[in-house]
Amino acid sequence: MITTKDLTKVYRTRDREVTALDGVDLHVRDGEVFGVVGQSGAGKSSLIRCVNLLERPTAGTVTVDGQELTALTGNSKRAGKELRRARGRIGMVFQHFNLLSSRTVLGNVELPLEILGHSGQERTRKARELLDLVGLAEKAGSYPAQLSGGQKQRVGIARALAGDPKVLLSDEATSALDPETTRSVLQLLRDLNRQLGLTVLLITHEMEVVKAVCDSAALMKGGRITESGTVPELLATPGSELARELFPVGGVPSAPGRTVVDVTFHGETTTEPVISKLSRTYNVDISILGAAMDTVAGKQVGRMRIELPGSFEDNVVPIGFLREQGLTVEVAAVATPAAGAASEAGSRASGAASPDEDEAARAEESAK
């Protein structure tokens, strides 16, 4: 539904250039909720504004619903008729609502319908239907100043749906809301995705948003997408930074001669007593250093960091057992009798892998 190829955006001033997007390739499938995650300055907002051509890309292509929007821009700074028509199939929800304070809730939702040329009776009927859809039918005569933040965002969503779009873009739509209101707005977006068959592209810096509603996700850094995929795929990928961010677990070896392993549970494995089976089968004492469990895309997913006695070579068979149960397993740390837990923790904090980690990684690769 949404595809960008080698998308580049460079902002130029008199004395310098800033590259906000650096060759971004993105593919959002029809009917899915796709989240783009990253810190401030990663290029997320530039990306979403280039998708609907509010920002003209410096290079690359944007295709939405089979139509290449970048081919419609022409040489004029103003959008032509074909581009405006194409944008009509793309709804946009903003972080700060952007409601007109002088208009009622109904009038704000009617505004895009006025621009599209609908008659007064038709746009009132349509606007009331949309307000009912987002749960604000009784607020039609109220003004934005009389609404809560969550209600204002629901009006913004209703307004974005006025043109019957196939795609809904959300630029940090929940970042100004409290946690409870955020959950209700995210649930509304998920419900609209299912009821209307909308494809939703979410820009966010909150991992909880990805957990709550996203089918797929991408991580942006420095204007580039560093990894992307469906959420289950990412969680099953050893070394995935997004998976670590979604389910952070901590802990270092408690003593020399220990191996720390990160285990990801998904699907049926979340309800199986796999760790206790491992302990009984191989008569091994297992310490749980950290764990996180949550519902992602409607399915239970969890990560656990466990500690096994002995070196990696001593634990090849138990680690193999965990993989045979359908779990994703990644060696997080190895503490040798000589180095001890303290040196291991220090080397990991500095971002450098110890020689023992490198050796464990090579042994693990050969064990696969």
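Tabulated data
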read-out: Sequence-separation-based contact order of segment 124-203, relative, with Cα cut under 8 Å and 6+ spacing, percent; value: 31 percent
read-out: Relative contact order [Cα under 8 Å, 6+ residues apart], the chain, whole percent; value: 16 percent
read-out: Cut-off under 5 Å, modelled amide H: who pairs with Glu68 long-range; value: none
read-out: Residue with peak Gaussian network fluctuation, the chain [Cα springs, cutoff 10 Å], from Gln151, Gln121, Gln187; value: Gln121
read-out: Helical mean residue ellipticity (222 nm; -39500 (n - 2.57) per DSSP H run of 4+; nearest 500) of the chain; value: -10500 deg cm²/dmol
read-out: Ranked by how many other beta carbons lie within 10 Å on average, peptides 283-289, 317-323 from highest; value: 317-323, 283-289
read-out: Unsatisfied cross-links (Cα-Cα over 29 Å) in the set Lys152/Lys221; Lys81/Lys139; Lys9/Lys299; Lys166/Lys211; Lys126/Lys299; value: Lys152/Lys221; Lys81/Lys139; Lys9/Lys299; Lys126/Lys299
read-out: Inter-part distance where segment 224-287 and segment 1-24 are each reduced to a Cα centre, Å; value: 36 Å
read-out: In degrees, nearest ten, helix 340-349 long axis to first principal axis of the chain (Cα); value: 20 degrees
read-out: Between helix 179-196 and the chain: long-axis angle, C-alpha atoms, 0 to 90°, nearest 10; value: 70 degrees
read-out: Size of electric dipole in the chain: Cβ of Lys, Arg +1 and of Asp, Glu -1, about Cα centre, debye, nearest 20; value: 2040 debye
read-out: Part-to-part distance (alpha-carbon centres) for segment 130-199 and segment 289-324, which is given in Å; value: 39 Å
read-out: Calculated from backbone phi, Karplus (6.51, -1.76, 1.60) coupling profile of segment 243-255 in Hz, x at Gly/Pro; value: 4, 5, 6, 5, 10, x, 10, x, x, 10, x, 7, 7
read-out: Amide hydrogen neighbours beyond the local backbone of Arg258, cut-off 5 Å, H modeled; value: Gly310, Ala335
read-out: Asp30 versus Ala145: modelled label distance in nm, points set 7 Å from Cα along the beta carbon direction; value: 4.7 nm
read-out: Average Cα contact separation per residue, segment 1-103, under 8 Å, 6 or more apart, as relative contact order %; value: 26 percent
read-out: Crossing angle, helix 120-133 versus the chain [Cα axis fit, 0-90 degrees, rounded to tens]; value: 20 degrees
read-out: Gain on full stretching of the segment that runs from Gln300 to Ser102 - 0.36 nm per residue minus C-alpha separation; value: 66.7 nm
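The numbers here are math on the coordinates, done by the rules we state, and not lab data. Here the structure is a predicted model, which means the values were calculated and not measured. No Cβ is skipped: glycine too gets one built from the backbone with ideal geometry, and neighbour counts run over all protein chains shown.
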